[in-house]
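The values are calculated or read from the model by the stated rules, or taken from the named source; none is laboratory data. All values derive from a computational prediction rather than experimental measurement. Don't worry about glycine lacking a Cβ; one is built from the backbone with ideal geometry, like all the others, and counts go over all protein chains shown.
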Amino acid sequence: MEARAEARMVRMSPQKARLVIGLIRGRKAEEAITILRTTNKRIAPTVEKVLRSAIANAENRNTDLDVDTLVVTEAYVNEGPRQKRVRPAPMGRAYRYQRRTSHIVVKVGDRQAAPSASELVKE
């Protein structure tokens, strides 16, 4: 069972958002929320909101689901459309710059993440 949530057109560059998304990928949902609460990045509250939405979607889809077993199975950030802007420059010129946007996607499921190679060797 898997549920997903996404936030589109978030006004943050994808590169910066990926730093925070990488912290929660593969973690338990409860642990991921704690990590996001203590992360000192501007995008962290937005990612937490998307994660909570994915958890709520999972609960709504399956009423007998145990929320404590949910794991962040997939989390990624794609680039959204760029807003082109112009800034005044010396001698009547103009500098162009881009305001980047992101699409944040978080998927949660009740299955555990695949075991790593080191765990397979120990068995």
> Looking at (1) within 18 Å of the chain's Cα centre (by Cα); (2) farther than 25 Å from R111 by Cα; (3) free of Cβ contacts under 8 Å to residues at least 40 places away in the same chain; (4) surrounded by fewer than 14 Cβ atoms within 10 Å (Cβ to Cβ), can you tell me which one R37 breaks?
Replying inline: (2)
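Could you tell me whether V86 is modelled with pLDDT of 90 or more and either surrounded by 12 or more Cβ atoms within 10 Å (Cβ to Cβ) or among the basic types (K, R) (or both)?
No: the conditions fail for V86.
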>> Filter segment 1-47 down to the residues that are charged (D, E, K, R), part of a loop (DSSP other than H, G, I, E, B) and farther than 30 Å from D64 by Cβ and list them by number.
In response: R11, K41, R42
>> Which pairs turn up if I take residues in segment 58-70 that are within 11 Å of G109 (Cα to Cα) and look for partners that are β-branched (V, I, T) and exposed (fewer than 15 other Cβ atoms within 10 Å of the Cβ) with beta carbon separation below 9 Å, at least 6 apart in sequence or on another chain?
In response: A58/V67; E59/V67
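Quick check on this structure: which one of L51, L19, L23 is aliphatic (A, V, I, L, M), at pLDDT 95 or above and loosely packed, with under 15 Cβ neighbours inside 10 Å?
Result of the check over L51, L19, L23: L19.
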>> Can you confirm whether A44 is over 19 Å from R4 (Cβ atoms), of a type in the set (A, V, I, L, M), under 13 Å from the mean Cα position of the chain (by Cα) and buried (at least 17 other Cβ atoms within 10 Å of the Cβ)?
In response: yes
> Where residues in segment 58-83 are at pLDDT below 95 and hydroxyl-bearing (S, T, Y), which of them is farthest from A32 (Cα to Cα)?
Replying inline: T63
>> Can you tell me which residue is nearest to R18 (Cα to Cα) among those in segment 70-106 that are assigned to a strand (DSSP E or B) and charged (D, E, K, R)?
In response: E79
>> Every residue in segment 50-69 that is hydroxyl-bearing (S, T, Y) and in a helix (DSSP H, G or I), please.
In response: S53, T69
